[in-house]
Amino acid sequence: MRACLIRGSRIAAWPALLGAVLFAAVASPASAQYVGREQDITDLRLGQRVMVDDGSCPAGQVKEVSGAKMTSEGIARAVKCVPRFGPKKK
């Protein structure tokens, strides 16, 4: 009975499941939140990334603000310029 499960259709489902997990991991950064000003970020969570399109970065890049670490005052922000993906959003 055990040999049937190994050679059966359950093994064929693993590549599809693995593909779906990899697709979800790759597709998730594309749904990043965009704001026009850094002041518009009200509640930044630890690990959250928000794209700020305020024109402070070079052409083809956008500012990424992320919740870097927990401090006694709250969440410390990390700011860097990253490549812009897709068309400019308003």
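Would you pull out the residues with amide H under 5 Å of Cys57's amide H, same chain only if 5 or more places away, H placed 1.01 Å from N?
Amide H neighbours of Cys57: Lys63.
Using the Karplus curve 6.51 cos²θ - 1.76 cosθ + 1.60 with θ = phi - 60°, what ³J(HN,Hα) values do you get for each residue of the range 49-65, in whole Hz, with x for Gly and Pro?
10, 10, 8, 10, 9, 10, x, 7, 9, x, 4, x, 10, 9, 6, 10, 10
Counting only residues 5 or more places away or on other chains, whose amide H sits under 5 Å from the amide H of Cys81 once H atoms are built in the peptide plane?
Under 5 Å from the amide H of Cys81 lie the amide H atoms of Glu64, each far enough along the sequence or on another chain.
No value in this document is a laboratory result; all are computed from the given coordinates. For clarity, every value in this text was computed on a predicted model and none was experimentally measured.
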